[in-house]
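Okay, structure first, notes after.
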Amino acid sequence: MAEAPITRVAIVGNPNCGKTCLFNNLTGAHQHVGNWPGVTVERKTGVFRHGGRAYEVVDLPGTYSMSSYSLEEDVVERHLTREPPDLIINIVDSSNLERHLFLTAQIIELGLPMILALNMMDEAAQHGVRIDTRALSEMLGVPVVALVARRNHGTRELLGALEHLARAPHGSHVRIDYGTSVENALEQLIVALPAAVTPVPARMRAVLLLLGRPVCTADANLLPFAHAHRAGIERAARDTMDNYLAGRWYGFANGCVRSCVTQTPQLRFDLTEKLDNYLTHPVLGLLIFGACMWLVFELVFTLSAPCIAVIELALAQLSALAGHLLPAGLARDLVVNGIIAGVGGVIMFLPNIVLLFLAIGFLEDSGYMARAAFVMDGIMHRLGLHGKSFIPMLIGFGCTVPAIMATRMLDSKRDRLLTALIVPFMSCGARLPVYALFIGAFFAPRWQATVLLSIYLLGILIAIVAANILGRLLYRKDFTPLLMELPPYRLPTGHSVLMLMWTRAWMYVRKAGTLLLCAALVMWFLCTFPRATPQAGGPNTAVAHSYADRFGRAIEPVLRPLGFDWKIGVGLTTGIVAKEAVVSALMIVYGVTETGERTTTALQQRLRNDAAFAHGPLTAYTLMVFVLLYVPCIATVVVFLREFKLGWTVFMVGYTTGTAWLVAWLVRHVGLLLGF
Amino acid sequence: MTATTTPPSTTQEDYLETILRLSAEHPDGAQVSEVAAALDVKPPSVVEMITRLRAMELVTHAPRERVQLTARGLQAAQDVHARHTILRRFFADILRVTPEIAETDACKVEHILHPETMARLRDFLEHAAADELERDHTVPLTLLHKGDCGVLKRIAGGHGKTARLAAMGVRVGSEILVLQNSGAAPVMLKVGHARVAIGRGLATALHIAVPEAHG
């Protein structure tokens with residue numbers, strides 16, 4: 001028997017209705033389930049087999065409607081009309097069926113074989129909602145399956161329906177009645193449509209034409225014709241086409257609910273409501289939010305300390321071992337000072353980053369992230385930002401790269417650009433190694449947490465000022481009001497949080513493995529060549545005539561007012577490749593690993609003894625401020641360039657570095673005046 | 001009404017209405033040339049008609065002077081104007097045709113309807129106006145307090161956000177419960193089983209009808 005072709009399945013639904021959860025249940029691929037709107041901006045696919053058939057599943061971004069208000073909605077419409085899947089699973093929240101069927105009404109006329117998955121049947125039952133699945137199936141003309149995706153209930157029934165439909169594919173017969181004037185317009189448009197250029201049914205193409213969103217270029221030729229119809233209908237209806245059709249789709253959804261759903265009033269304890277009384281309280285909410293952030297950072301740094309010590313020890317052992325195995329010379333120098341020191345300096349801070357991602361994942365999955373955006377909106381609004389802008393900023397504390405990608409969840413271009421421009425000031429996890437190094441070297445243990453917190457707060461402050469200034473410069477009118485769903489609080493499932501942590505940490509390690517290893521090797525090369533004739537003296541001699549030395553000295557005049565010498569100059573230059581590389585660069589510049597001691601401690605010792613750090617704590621603090629603010633790493637620049645234009649990217653690099661210099665200068669001179 | 005004489009013809013009513021309208025701009029009445037321009041006819045025809053209207057004692061007119069409505073003429077003209085207004089409102093506000101169509105159709109229909117029909121139409125519109133007032137008995141969402149509930153009656157100021165709100169379940173006719181509304185934070189609503197946060201600027205545009213108990 002011939003192998004059946006792969007059936008392509010698309011999962012469509014509103015945000016937070018369990019799409020990703022269902023996706024995981026079907027494919028077994030453990031992916032992240034988000035709890036705030038817009039977490040699945042990227043397209044995820046997975047493959048599974050059932051009943052001798054292969055299925056390829058794509059998890060489409062959560063969307064409230066098929067329209068082009070946001071990138072997510074655009075992605076969904078494009079996927080469903082330009083490269084239609086063989087089959088759609090439309091997943092809906094049974095406890096809020098009418099609103100979810102609004103989307104169903106819009107996709108049902110695509111004519112694709114479709115299954116309606118009624119998710120969260122348990123929650124619906126708690127709400128007193130009872131759904132007659134058979135009647136609903138008849139009304140919609142598609143199979144209906146009840147699910148509890150979180151508990152993996154109903155997956156077998158869904159697979160059965162999937163198999164059945166894949167064997168004998170057929171779409172729904174349901175046609176939505178749009179009223180006489182629209183129906184007349186549709187009829188005329190359908191006649192005029194070019195034949196067989198797209199698999200989308202003519203009626204659907206005509207509807208989308210009326211909305212000004214042709215499915216292909218051939219249809220686009222009919223836009224003026226459609227527009228004339230549209231203008232007439234809008235004038236008569238005294239409403240926009242969008243609103244008019246929305247009314248019709250809701251009418252359909254409402255009709256389904258009326259005839260298939262019975263609601264019995266329930267007196268019950270609503271945990272989300274109770275929690276929201278405190279967590280979104282105007283004063284208490286902000287305090288709780290602040291406390292949450294503090295707790296996150298305290299947790300991240302306390303728990304990571306023992307792990308870091310272990311990694312440090314292991315690296316020192318490895319260096320010593322390499323020192324024994326390899327003969328003294330260029331090769332040993334490369335392995336010990338280049339590779340082990342470079343990568344080691346990065347891996348050492350993995351525990352911090354893993355814990356930070358764990359905390360962020362917990363905040364997202366519990367539903368708290370949306371509340372954070374809610375309580376911050378009042379403040380953010382005054383800064384000319386959007387409450388949702390806060391989420392990319394928060395992610396920015398983990399890594400700037402996903403944070404810039406997360407700005408996509410903002411609807412207007414202005415908000416996106418403005419948020420992306422200030423996100424680099426949020427101190428990312430990669431900057432932490434630098435702080436840890438200098439704070440460890442120059443500050444007493446009881447002050448360390450405070451100093452660190454002050455750096456983070458300074459970043460936020462600078463971001464606020466920058467947002468205010470840039471917001472005034474950017475076109476002000478294009479401001480979209482906040483409109484966001486607050487998902488119910490749910491206890492995050494362990495594996496989803498761990499999976500999120502794992503994927504993000506893995507991304508960091510991959511970056512460390514490739515980009516950062518390259519940076520370390522380049523640095524080693526620059527610090528070693530041209531080779532100086534071996535002389536008696538300290539380990540610094542190896543670097544004394546190198547390219548790094550020359551470059552460091554070349555930019556020294558610029559950095560001198562900040563109290564930095566050429567060695568810091570070299571470190572900062574390397575930091576452009578990746579901020580954490582500052583540490584490994586300094587290790588190489590200070591020639592630390594040759595001695596085989598515990599590396600960070602050794603570097604800290606060297607720094608303390610360096611004459612450049614005469615005003616130790618102040619210079620260290622100035623340096624941390626500079627590292628916080630100057631050019632984000634190369635990966636960020638690349639992502640920024642991909643999201644925005646070259647002009648804005650150049651601007652971003654320039655203004656961050658300018659700000660860094662200015663603020664660092666201020667910190668140093670105010671510090672000197674105060675007698676530090 | 002003109003009980004003793006024959007009622008004015010369709011054309012005559014048009015003339016009276018036009019003179020009334022032009023008189024509103026000039027207290028001494030309308031000029032023949034103005035009337036001719038407004039009705040798009042030649043001045044000699046206007047003079048001819050004015051002579052006839054004067055014979056019916058609806059207007060006064062001396063050569064090279066302005067045409068003025070008599071008391072009876074004024075009453076007849078106001079009567080036509082009232083019918084015109086009622087019909088225009090009916091077409092525009094109830095049947096929802098464009099203002100232009102409403103205007104032209106009202107011009108045509110105002111002369112031919114039975115007085116009984118007109119009276120019923122007037123009652124109907126008065127009733128509709130009362131509804132309109134009732135509809136305006138709403139408050140912006142931002143003025144509601146935590147725990148208040150009501151029904152969204154309209155979304156003011158443009159259609160830009162209506163479809164977006166609708167997609168999130170916030171539509172005209174939706175029952176809403178205010179969960180949070182304080183300070184500069186967005187308003188948090190419960191709509192159906194979903195919670196939605198709406199920025200204050202947008203929330204002001206949402207007009208909510210609250211039950212009497214709230215005041």
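When the P(r) of segment A:599-676 is calculated, the portion above 20 Å amounts to 49% of the C-alpha pairs.
Using a simple spin-label model with pseudo-atoms 7 Å out from Cα toward Cβ, A:T657 and A:R151 lie 5.9 nm apart. This ranking places B:E116, B:E65, B:E103, A:E77 by how few other beta-carbon atoms lie within 10 Å of each, fewest first, which gives B:E116, B:E65, B:E103, A:E77. Diffusion of segment A:225-309 by Stokes-Einstein, at 10 °C in a medium of 1.306 mPa s and with Rh set to the Kirkwood radius over alpha-carbon pairs, works out to 83 µm²/s. In segment B:139-214, the convex hull through the Cα atoms has an average projected area of 4.5 nm², a quarter of its surface area. Coupling constants for segment A:654-671 follow from the phi torsions by the Karplus curve (6.51 cos²θ - 1.76 cosθ + 1.60, θ = phi - 60°), and in residue order they are x, 6, 5, 5, x, 4, 4, 4, 4, 5, 4, 4, 4, 4, 4, 6, 5, x Hz; glycine and proline get x. Using the Cα coordinates of the protein assembly as shown, the gyration tensor eigenvalues translate into equivalent-ellipsoid semi-axes of 68, 35, 25 Å, sorted from longest to shortest.
Computed extension gain for A:H50 through A:L453, at 0.36 nm per residue and net of the alpha carbon distance, reaches 139.8 nm. Kirkwood-type hydrodynamic radius, segment A:7-167: 15.5 Å, calculated from all non-identical alpha-carbon pairs. Of all DSSP beta bridges confined to the protein assembly as shown, the antiparallel ones make up roughly 65%.
Volume per residue for chain B equals 178 cubic angstrom (convex hull of Cα atoms). Placing dummy labels 7 Å off each Cα toward the beta-carbon, the span from A:A196 to B:R64 is 8.3 nm. Considering only A:I588, A:L97, A:I176, the residue lying farthest towards the positive end of the dipole of chain A is A:I588, judged by Cα position with unit charges set on Cβ. Once you reduce segment A:616-640 and segment A:102-120 to the center of their Cα atoms, the two points are 49 Å from each other. Here the calculated FRET efficiency for A:W506 and A:N221, from their Cβ-Cβ distance with R0 = 35 Å, stands at 0.15, rounded to the nearest 0.05. The calculated P(r) of segment A:180-263, using every Cα pair and 5 Å bins from 0, goes 3, 15, 24, 20, 15, 11, 7, 4, 2, 0 in percent. Calculated FRET efficiency, A:L330 to A:R560, Cβ-Cβ distance, R0 = 25 Å: about 0.15 to the nearest 0.05.
Summarising the label geometry, the points placed 7 Å from Cα in the beta-carbon direction at A:H173 and A:A228 lie 3.6 nm from one another.
Could you calculate the FRET efficiency of A:R238 with A:T262 from 1/(1 + (r/R0)^6), where r is the beta carbon distance between them and R0 is 41 Å, rounded to 0.05? About 0.70, to the nearest 0.05. Taking each DSSP H run with n ≥ 4 as -39500 (n - 2.57) and averaging over every residue of chain B yields -14500 deg cm²/dmol at 222 nm. For segment A:56-116, the normalised intensity computed at q = 0.16, 0.24 Å⁻¹ comes to -0.48, -1.12 (log10 of I(q)/I(0), Debye sum over alpha carbons, equal scatterers, no solvent). Taking amide H as placed 1.01 Å from N in the peptide plane, the amide H of B:K153 sits under 5 Å from that of B:G173, B:H207, B:I208, B:A209, each at least 5 places away or on another chain. The length gained by stretching the chain between A:V638 and A:R472 to full extension, at 0.36 nm per residue less their Cα-Cα distance, is 57.1 nm.
Helical content of chain A, expressed as a calculated mean residue ellipticity at 222 nm, amounts to -19000 deg cm²/dmol (DSSP H runs of 4 or more residues, -39,500 (n - 2.57) each, divided by residue number, nearest 500). Amide H contacts of A:H386 (H built 1.01 Å from N, in plane; Pro and chain starts excluded): no residue 5 or more places away or on another chain comes under 5 Å. Remark: A:F551, A:F102 ranked as A:F551, A:F102, counting other beta-carbon atoms within 10 Å and listing the fewest first.
Springs join every pair of Cα atoms under 10 Å in this Gaussian network model of chain B, and among B:L143, B:L74, B:L53 the largest mean-square fluctuation is at B:L143.
Scaled against the 2.2 N^0.38 Å expected of a compact globular protein of N residues, the Cα radius of gyration of segment A:161-303 reads 1.72.
Using a 10 Å cut-off on Cβ atoms, rank the peptides B:30-41, A:208-219 from the highest mean neighbour count down.
A:208-219, B:30-41
For the peptides A:103-112, A:183-192, A:652-661, A:118-127, residues were scored by their other Cβ atoms within 10 Å and the scores averaged per peptide; the highest-first order is A:103-112, A:118-127, A:652-661, A:183-192.
Coordinate-derived values only; no laboratory data. Predicted model only: the values in this text are computed from it and were never measured. Using ideal geometry, Cβ is built from the backbone for each residue, glycine included, and neighbour counts are taken over all protein chains shown.
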